[in-house]
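Let me begin by presenting the structure, written as structure tokens, before commenting on it.
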Amino acid sequence: MTDVLHELLRGSLDHCVKCTICETACPVSNVTPLFPGPKYVGPQAERYRVEGEPPDEWSVDYCSGCGICTTVCPQGVKIAELNAHARQAVKQARGFPLRDRLIARPTVLGRLGTPVAPLANATLRSRPLRALGERLLGVHRSAPLPRFAGRTFRSWARRHTSPPAKRRVVYFHGCGTQYYEPDVGRQVVAVLERNGFEVVIPKQDCCGLPLQSNGLFDDARRYVRRLAGALAPHARDGTLVVGNATSCTLMLKREAREILGLEDDPDLALVSERTYDICELLLELHHRGELDTDFRPVEEVVAYHAPCQQQGHWMGKPAIELLELVPGLQVRELTARCCGIAGTYGLKRDRYEIAMATGAGLFDQVRASGAGVVACDSETCRWQIEHGTEAPSVHPIELLHRAYGL
Amino acid sequence: MRGGRTYDTVVVGAGVSGLTAATRLAEAGASVCVLAKGVGSTHLAAGTIDVLGYTPDRVDEPGAALSAFVAERPEHPYALLGTAAVAPALRWLTEHVAAGPQPGYCYVGGGLDRNALLPTALGAARPSALVPETMAAGELRRPDPVCVASARVLRDFHPTLCAANVSRAGVEARAVELEMAWERPDANALGLAARLDDPGFRADLAAQLAPRLRPGERLGLPAVIGLRDPHGAWTELERRLERPVFEIPTLPPSVPGIRVFDALRAALTAAGGRLVMGAEVVGAEREGGRVTALRAAGAGREVRYTARWVVLATGGFASGGLVLGQDWVVRETVLGLPLRGVPAAGKPRFSADYFGEQPMARAGVAVDASLRSPELENALVAGAALAGAEPWREGSGEGIALTSGLRAAELVLESEGVSVAA
């Protein structure tokens, strides 16, 4: 740990007054006895950990890293960040399974799967092959895996020219858009262009978040530094970076510094401060009176779920404010905790049941909401919600795109 | 590009006073946003609505006691607010909980006419104006004997200790401890409450309790009787056990407190109010006698919130609304407003008697009857940040929070030309 990070994390420890508010919000400890909760494995256990000494604990590895404990803590303790480090030390000591190295590299999987998408998708949906994958790799046979789109977002972006405009943004699309949901990327670009932005789409790679959440910190640092290096030249003159994956934008905004300790990287410092979630940006536009609100009616009931890492932006729920601008659209806010997936957590053989139990409350709320569609900012959460409820789940931008009639 | 957001009113703090002020504003049609560093005091408080419990003698009729109480304490928040403002605030909360997300769950009690006297986790008597329906049968003025039961796995609740103190208060009481299968070494209140939302678990619990209870006894349980459906869970236990059942507040996390938070948050968001969790206010911009914007922590950068009105509901020392620095200077942390009640330099700040009168206890923001600091015309203060009260000794915390939160909202509305019905 760097000195700055050590000060930030360990320095926050003494602010813990054991009020248990983090425990009331933790989605995992409330469904499994295997995780004793953020307070126990966090501020309490941290006092007994000595840097450099091998950890003698396993329960912290059941933390899904959703980060909600830090967001609700009224005393400012960096609970999730402390736990991420403790988890990393445990995994480091035990060794990283091949599965974790593999599922933490969406770029590698994307490049392998995209050219052979029909075959790859058939493989991932074949029950015997998934059973085999569970035995050999430890990826649960029922876990929600996305479909390769077969064409990347970049293949479209290369041919697309954004009309020159007075204001510009840099689009950080992330791996989910690149390999699985290129349509979301096109909708983001169209909505931004509709609002008078020229959209620059530099060549880019993974932010490293899955590596970080699997404890592969060195690899994660390489990825996020490379991404910041790719985005920074376009962000120098005040241009903002906009992303649609709230977990990945949180990596740029906060986690790369507060978990990976990259506070000295000048590219990252610049990008971190300028990165916006797409809904956050559009809401600020609206509050300045600059958002095009010429929406067509969308007669639909939509249930909105804010992913845990979206809440880690400390920006409220801008998607709700935006969706409420669309005539006819009835927005129902879901208040249940996490969907359970936490990126790659719920894919694992020994975590899948916990993830589904975590999401059960949310799934119940979705079913009871009477909504025809669920809006949610994070792709892995959308896939998990569809898996848990069969309700179609979209990025909020898809509804705005429809309302613009684009 | 200059970032940020704009609302009519920004409320700082998501405890009872902040959520009350924000909900009242949102329901009147104002655009309002609550900025909160984290979840507030609700999750730690008992969930009862205490208006006035001690002056310092125990108060049975809070309404009657209030006028003498404020006459002696002209700088107390109740004196500034006017005692007539308390009853509407209690009514407001009762209506909002009744209309809240827990079906059928409501607050009951004598209100200003008569304090309920309910046992705490230690079995001490606590005077409260309004109480959750699930606690009401714990009234210690009733003669019928009490059985306090709990599961050993809930390590922070000790029925034997509770029952012993209830006996000392004059009500016959005994304790029952259940051995409950639990998949981890200890349970917390929230974990048990979630289980009690499940009818199957309730039936098992009732079956385990029934043979241990004696005829004529009422049953006190730790306050874990349901989180999503406390009314359903509680009525079912009463029906199955054929006797009054009541909840006793626990150590944190407080399930009845979480129910209050859930009800107020639901009312706030249903009315179009916004809540930003994690957004600690780190700076303010002023122009003359007005605050024009607040700067709050966002991931990666500060976010600027522009507002015509600011309601400061940040709490006192315990919540970080007030801070006593290493230089022995007390500061209000968001706007740096002038304080009142801080012991002068050289005078004692604390007394060695923990539960005695603490010289520092009444420190808070100095405001007039318009809840404004003389320094800022568009910032109003509500709740435990106000000077002049000692809520934990007076048993007045929720009464002050609700009454001042509601008043702050109504003062904003009046200034904006919105008529406020009494």
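The values are calculated or read from the model by the stated rules, or taken from the named source; none is laboratory data. What you see is a predicted model, and the numbers here were worked out from it, not measured in a lab. Here Cβ is always computed from backbone atoms with ideal geometry, including for glycine, and neighbour counts include all displayed protein chains.
Identify the residue in the range A:309-320 that is more than 7 Å from chain B (Cβ to nearest Cβ) and assigned to a helix (DSSP H, G or I) and, among all such residues, is farthest from B:Arg301 (Cα to Cα).
Here is the first cut: in the range A:309-320, the residues more than 7 Å from chain B (Cβ to nearest Cβ) are A:309-310, A:317-320.
Restricting the remaining residues to those that are assigned to a helix (DSSP H, G or I) gives A:309-310, A:318-320.
On the way: A:Gln309: 16, A:Gln310: 15, A:Pro318: 17, A:Ala319: 20, A:Ile320: 22 Å.
Taking the candidates together, the pick is A:Ile320.
None of B:Ala210, B:Ala270 is among the hydrophobic types (A, V, I, L, M, F, W, C) and within 14 Å of chain A (Cβ to nearest Cβ) except B:Ala270.
The listed residues are A:Glu23, A:Glu7, and the only one of them that is among the acidic types (Asp, Glu) and crowded, with 16+ Cβ neighbours inside 10 Å turns out to be A:Glu23. Collect the residues in the range B:293-329 that are surrounded by fewer than 18 Cβ atoms within 10 Å (Cβ to Cβ) and closer than 22 Å to B:His76 by Cβ, keeping them in residue-number order. Within the range B:293-329, B:Phe317, B:Ala318, B:Leu324 qualify. Mind checking whether some residue in the range A:191-208 is within 23 Å of A:Ala93 (Cα to Cα) and buried (at least 24 other Cβ atoms within 10 Å of the Cβ)? Yes: one or more hits. Whether any residue in the range B:387-401 is closer than 16 Å to B:Glu75 by Cα and surrounded by fewer than 16 Cβ atoms within 10 Å (Cβ to Cβ) is what I want to check. No: zero hits. If the condition is being touching a helix residue (DSSP H, G or I) at 6+ places or on another chain (Cβ under 9 Å) and on the phi > 0 side of the Ramachandran plot, then the range B:271-300 contributes B:Gly272, B:Gly278, B:Gly300.
Could you say whether any residue in the range B:284-292 is without any contact (Cβ under 8 Å) to a residue 40 or more places away in the chain, surrounded by 16 or more Cβ atoms within 10 Å (Cβ to Cβ), assigned by TED's automatic domain parsing to the domain that holds B:Arg24 and assigned to a loop (DSSP other than H, G, I, E, B)? Within the range B:284-292, not a single residue is without any contact (Cβ under 8 Å) to a residue 40 or more places away in the chain, surrounded by 16 or more Cβ atoms within 10 Å (Cβ to Cβ), assigned by TED's automatic domain parsing to the domain that holds B:Arg24 and assigned to a loop (DSSP other than H, G, I, E, B). Against the definition (of a type outside the set (Ser, Thr, Tyr), away from chain B (no Cβ under 14 Å), buried (at least 16 other Cβ atoms within 10 Å of the Cβ) and without any contact (Cβ under 8 Å) to a residue 60 or more places away in the chain), how does A:Ala93 come out, yes or no? It is false that A:Ala93 is of a type outside the set (Ser, Thr, Tyr), away from chain B (no Cβ under 14 Å), buried (at least 16 other Cβ atoms within 10 Å of the Cβ) and without any contact (Cβ under 8 Å) to a residue 60 or more places away in the chain.
Within the range B:149-175, restricting attention to residues that are in contact with a Ser or Thr (Cβ under 8 Å, 6 or more places away or on another chain) and among the aliphatic types (A, V, I, L, M), which residue is farthest from B:Pro215 (Cα to Cα)? Among residues in the range B:149-175 that are in contact with a Ser or Thr (Cβ under 8 Å, 6 or more places away or on another chain) and among the aliphatic types (A, V, I, L, M), the one farthest from B:Pro215 (Cα to Cα) is B:Leu154. Considering the range B:151-170, the residues that are aliphatic (A, V, I, L, M) and touching a residue at least 40 places away in the same chain (Cβ under 8 Å) include one that is farthest from B:Gly191 (Cα to Cα), namely B:Ala169.
Number of residues in the range B:370-385 that are closer than 19 Å to B:Val51 by Cβ and over 15 Å from the mean Cα position of the chain (by Cα): the value is 1. So, A:Arg154, is that one among the charged types (D, E, K, R) and farther than 28 Å from A:Glu280 by Cα or not? No; evaluated as a whole, the condition is false for this residue. Checking the stated criteria, A:Cys69 turns out to be surrounded by 15 or more Cβ atoms within 10 Å (Cβ to Cβ) and either within 14 Å of another protein chain (Cβ to nearest Cβ) or touching a Gly at 6+ places or on another chain (Cβ under 8 Å) (or both). The condition (being of a type outside the set (Phe, Trp, Tyr), within 25 Å of A:Tyr276 (Cα to Cα) and away from chain B (no Cβ under 14 Å)) is satisfied by just one residue among A:Val366, A:Val394: A:Val394. Looking at the range A:86-173, the helices (runs of 4 or more DSSP H) lying wholly inside it that each contain 3 or more residues that are under 19 Å from A:Asn214 (Cβ atoms) sit at A:98-103, A:106-113, A:127-137.
Only helices (runs of 4 or more DSSP H) whose full extent lies in the range A:203-274 are considered here, and the ones with at least 3 residues that are within 12 Å of chain B (Cβ to nearest Cβ) and not acidic (Asp, Glu) are A:246-250, A:266-274.
The range B:17-130 holds strands (runs of 3 or more DSSP E) entirely within its bounds, and those carrying 1 or more residues that are at pLDDT 95 or above and more than 14 Å from every other protein chain (Cβ to nearest Cβ) map to B:116-119, B:125-128. Do the conditions hold for B:Asp144, that is, is it assigned to a loop (DSSP other than H, G, I, E, B), of a type in the set (D, E, K, R), assigned by TED's automatic domain parsing to the domain that holds B:Leu196 and closer than 16 Å to B:Leu241 by Cβ? So B:Asp144 fits the description; yes. Filtering the range A:143-161 to residues that are loosely packed, with under 15 Cβ neighbours inside 10 Å and within 23 Å of the chain's Cα centre (by Cα) leaves only A:Arg151. Looking at this structure, is A:Val184 within 20 Å of the chain's Cα centre (by Cα), assigned to a helix (DSSP H, G or I) and aliphatic (A, V, I, L, M)? Answer is yes for this residue.
Looking across the range B:167-185, the residues that are closer than 30 Å to A:Ala357 by Cα and surrounded by fewer than 13 Cβ atoms within 10 Å (Cβ to Cβ) come down to B:Glu179, B:Ala181, B:Glu183, B:Pro185. Filtering the range A:381-406 to residues that are of a type in the set (Ser, Thr, Tyr) and surrounded by fewer than 24 Cβ atoms within 10 Å (Cβ to Cβ) leaves A:Thr389, A:Tyr404. Among the conditions (1) touching a residue at least 12 places away in the same chain (Cβ under 8 Å); (2) part of a loop (DSSP other than H, G, I, E, B); (3) among the aliphatic types (A, V, I, L, M), the only one that B:Ala352 does not satisfy is (1). Counting only residues that are in a loop (DSSP other than H, G, I, E, B) and not hydrophobic (A, V, I, L, M, F, W, C), the range B:362-400 holds 12 of them. Among residues of the range A:277-302 being in contact (Cβ under 8 Å) with a residue 60 or more places away in the chain and within 11 Å of chain B (Cβ to nearest Cβ), the one that is nearest to the chain's Cα centre (by Cα) is A:Asp277. Here the range A:317-345 is the region considered, the condition is being touching a residue at least 60 places away in the same chain (Cβ under 8 Å) and among the small types (Gly, Ala, Ser), and the residue that is surrounded by the fewest Cβ atoms within 10 Å (Cβ to Cβ) is A:Gly343.
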